[in-house]
Amino acid sequence: PASAVSAPGGDLSVAGVSLLELAERYGTPTYVLDEGEVRSRARAWVRALPEAEIVYAAKAFLCRAVVDWMEEEGLGLDVCSAGELELAATRGFPAERIVLHGNAKSPQDLGTALRLGVGRIVIDSGCEIARLAARVPAHDAQQVMVRVLPGIGAGAHPKIRTGAEGQKFGLSIANGDAEEAVARIQGQPQLELAGLHCHLGSQISSPEPYERAVRELVSFLVRVRDRFGVVLPELDLGGGFAAAYLPGDAAPAPAVYARRIRRALTGACAEADLPLPRLTVEPGRSIMAPAGIALYRVLAVKRSGGRVFVAVDGGMSDNPRPALYGARYTVRRVGRASAAPMRAATVVGRHCEAGDVLADGVELPEDVRPGDVLAVPASGAYQVSMASGYNMTGRPPVVAVADGRSRLLVRRETFDDQRRRDVGL
Ligand code: LLP
């Protein structure tokens, strides 16, 4: 069950733990993560594509417990910084199951990846080829993939559509950059080209763009075979699979994407007389978003311009998604049943700008008042991981729930944490 999306009414609980009790025990705002839900969503990907490598996109949310869960469920990790790599390393996550991404990898990112021995480094620009090769010890070879730009834009918002021409990621197939990169990698004995990567975008609610991407990538594999005489053994289609935020949202099951991707790949390879490459996908949001719930406490209620504003103790510093992408959420009151009718309200944060809106036009009971606890389902991805220090409110804690118990995974950021970094006199 999608715990976060379909939590029952009244005193809402998740994995047998009351949300009201969690709010009282850990304070607010707090992010609650349903461990069983994360694991079962990870497993659903593994089951849907048993022939493929499933690589969890750490940017959606990472902490040490999540590293363990992914390892135990048999997934790899997609990381994009030395920080994410170091965190995975603290749990001894098998480095060969890690893929390093980034359109601008720093010397520290590359150095850490090589020191830990990550399985794949994804080349995202021509400039990093020689730079990476120069760092690989003479007797070694680092496996790399080329991130190609297939010219297919998909995703719920322009800011998260990465596969189209005219944005910063990948090497264009259309302008010849991708082919040029393949040629240059072939000339580097320190690099071994394992295959191609692409990432179309995020919150993609149909399998269709993936089918087009498969056809583009396979036709590029053919071009590589014809020009260089090599058959690249791997294809990584990136992530981007949608999660449901609102009741009517389309969020196909992993099995649905898997079936369509498999069929497209088998068909395109048969037609091109190519062996089936080993497939990788990199889901982040679809595993994590539905498993998370944000808890807030109401601090103020007021009217203005015909709207009812319900202000809570968090906001854009823990969830920048509405402000950045116009993302929409549902909001539920927790732990206080009343006969009050519902009415439309705008749930806003505590930050000092008018754009700090968490959810507009949500139905809340008319008697919502300061002290009430509100829950925002589908909050597991790209919220805590994108939390900022704005207004020095302190980033929220993350609490895991499983089998009727809760445990703290990440503690609340305190004023002391903030002050310690401020070393000026
Ligand atoms: N692989 C690569 C190379 C990526 O860049 C991403 C996400 C993923 C996999 C995972 O995509 P997912 O399955 O989570 O959609 N902050 C935005 C989303 C940014 C996605 C960035 N890249 C949001 O909150 O909507």
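Each reported figure results from applying straightforward, stated rules to the coordinates on display, with no laboratory input. None of these values were measured; they are calculated from a predicted model. Neighbour counts are summed over all protein chains in view; Cβ atoms, including those assigned to glycine, are modelled from backbone coordinates with ideal geometry.
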Handout entry: Efficiency of FRET between R369 and F415 - r from beta-carbon atoms, R0 41 angstrom, step 0.05
Key = 0.90
Practice task
Would you count, across the chain, every pair of lysines whose alpha carbons are under 26 angstrom apart, provided the pair is eight or more residues apart or spans two chains?
Solution key: 6
Exercise for the section: Whole Å is fine, so just give me how far the alpha carbon centre of region 73-135 lies from that of region 352-397. Expected result: 33
Fill in the blank from the handout: With a ≥ b ≥ c from the Cα gyration tensor eigenvalues, square-rooted, and the rule rounded for a/c under 1.5, otherwise prolate when a/b > b/c and oblate otherwise, region 58-168 is oblate
Exercise for the section: Using per-residue counts of other Cβ atoms within 10 Å, averaged over each peptide, order 56-63, 389-396 from highest down. Expected result: 56-63, 389-396
Practice task
Could you sort 141-152, 240-251 so that the peptide with the highest average Cβ count within 10 Å comes first and the rest follow in order?
Solution key: 141-152, 240-251
Fill in the blank from the handout: Taking a crude spin-label model, label points 7 Å out from Cα along the C-beta direction, the S304 to A339 distance in nm is 3.4
Practice task
Report the FRET efficiency, 1/(1 + (r/R0)^6), for A272 and A141, where r is their Cβ-Cβ distance and R0 is 25 Å, rounded to 0.05.
Solution key: 0.40
Handout entry: Kirkwood estimate for the chain, i.e. one over the average of 1/r between Cα atoms, Å
Key = 22.7
Completion exercise
Quick shape check on region 36-287: root eigenvalues a ≥ b ≥ c of the Cα gyration tensor, a/c under 1.5 is rounded, otherwise prolate if a/b tops b/c, else oblate, and it reads oblate
Completion exercise
Of 132-139, 342-349, ordering from highest average Cβ density within 10 Å down gives 342-349, 132-139
Exercise for the section: Just report the Cα centroid separation between region 12-62 and region 167-212, whole Å. Expected result: 31
Problem - Longest exposed-site-free window of the chain, the sites being GluC sites (Glu not before Pro) in a DSSP loop that have at most 15 other C-beta atoms within 10 Å - result: 166-352
